[in-house]
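These notes are about the structure you will find just below.
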Amino acid sequence: MTSALRFLCCGAKCLGSSGKPGKEGGSSKKAITGSKSKRGSGAGAQKAVDTTFYGPRIFTYKELTAATKQFSADELLGRGAFGSVFKGTLSDGSIVAVKQIAHDSNQGEREFLAEVSIISRIRHRNLVQLQGWCHEKGNLLLVYDYMPNGSLDKLLEGANGAEKNPGWDMRHSVLRGVACALSYLHEECQQCVLHRDVKPSNVLLDENFNPHLADFGLARLIHHTTDNVQTTIIAGTRGYLAPELSQVGKASTKSDVFSFGVLTLEVATGRKALDKSQPENQAVSLVDQVWRAHEQHVLLSMADPKLEGAHDPEKMTTLLQMGLFCCHPDPEARPPMSFIRQWFIQEVPLPALPPVKPRVTYVLTPPSPPKLALPAPEAKLAIEGPPPKALAIEGPPSEKKAGTPNGTSTTPSPIDPRSPALRSPATRSPLPRSPATSTTTSREHDKSTTTSTSTSSQSEQNQPQANGK
């Protein structure tokens, strides 16, 4: 048992959800008495209200084996990428769906952990409810609510005996429910949930054909401010993957929107996301077919012929346009799921689609290398030269004016353009000239001046003698 699985099991036991409701650690009832009960009237007493939190619990392998009749083929509901789903009847008579993860699937264990950690903490009327799980003797089992009408793809194919040809109202209701579920996952949960595998086979229908989004094995939790997650493996189903995933490898809420757009086009047209009658390398996607019909102004011709015209042409056209709007090649042009949910409820107007399918180039921006802390450049030395007279020459203390405090003068002294006060901080000399150096330079300057003067005087005295000769 991995450490992650051990943590989940211990967490469930700490919550007291390991037993059935009504047993030890599983139920607690609290009677709430009305105001009339204070008067002694029995009619005013309210009934006991059950405040028990019925959350996911841990099942035993023996219990689930008996519920599924030793995982009999007669109870098999379907097979997935990582396991099989069986119909089970618990000891209390309730019917559940038991998903058995394949033993030789490493990805199946990650799917198991994702399902338990994500779907066990969210509640929505259009999300499938997790009843519990089992990790015993190397077996990984997930227990869900049983959906008697199967999945949406079977309904569209006519495999469900109860309703072979779903009408317009049912299709519209199913899409509205899935849109509400995705809007809840993207914007209303404490952390944003990316489903990453939205398709008809993961939409289950209850006894009233209400949709429930299922299969959170590929889901990821991200912060609302992040809006994307970098993935090393492209997760999802071919035909429903957003085009930018294969280029940049970043899943986001907009990639879920693209998958929902493909789902919408499947429900409206009754066709598969990929035409499997063609070779795999030449398979024509449903999105391209609908875009081509839109460019040729024959969008209504893509409506499902099984409806036999029992639909509003204007509403069908708008639904197909909404599907293309969600499948826009540019992720930034796709609407958020909250807008799609509002469109299904209030029928808000859609933005205008481009007349032809846009061409978008996806560029993967490599991460910028970390910036090194380079040393600051050395400041350039100031121009060498004698100090300005106004700042270097100071008068004797006896010449200070007596009319000002401390004998200082209030008349501003002229400032030389080379004064350090007018230099920028970058050009100031970091090492000021020492007084000894200034004195030495001044003495050498005076000495050279005296030598030059004496030489000049001697030459002037010799000049008349030369003229006299």
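The values are calculated or read from the model by the stated rules, or taken from the named source; none is laboratory data. Computed from a predicted structure; not experimentally measured. We place every Cβ from the backbone using ideal geometry, glycine too, and count neighbours over all the protein chains shown.
Among what's in segment 179-214 and is touching a Leu at 6+ places or on another chain (Cβ under 6 Å) and in a helix (DSSP H, G or I), pick the residue that is farthest from Arg121 (Cα to Cα). Step by step, filter segment 179-214, then rank; the result is Pro200. Counting only helices (runs of 4 or more DSSP H) that fall entirely inside segment 232-327 and contain at least 3 residues that are at pLDDT 95 or above, the qualifying elements are 253-269, 286-295, 313-326. Just one residue in the set Ala66, Ala81, Ala43 is part of a helix (DSSP H, G or I), modelled with pLDDT of 55 or more and hydrophobic (A, V, I, L, M, F, W, C); that residue is Ala66. Whenever a residue of segment 181-201 is in the same structural domain as Tyr240 (by TED's automatic domain parsing) and touching a residue at least 12 places away in the same chain (Cβ under 8 Å), its partners that are assigned to a helix (DSSP H, G or I) and among the β-branched types (Val, Ile, Thr), lying with C-beta atoms within less than 6 angstrom and at least six residues away or across chains, give the pairs His186/Thr253.
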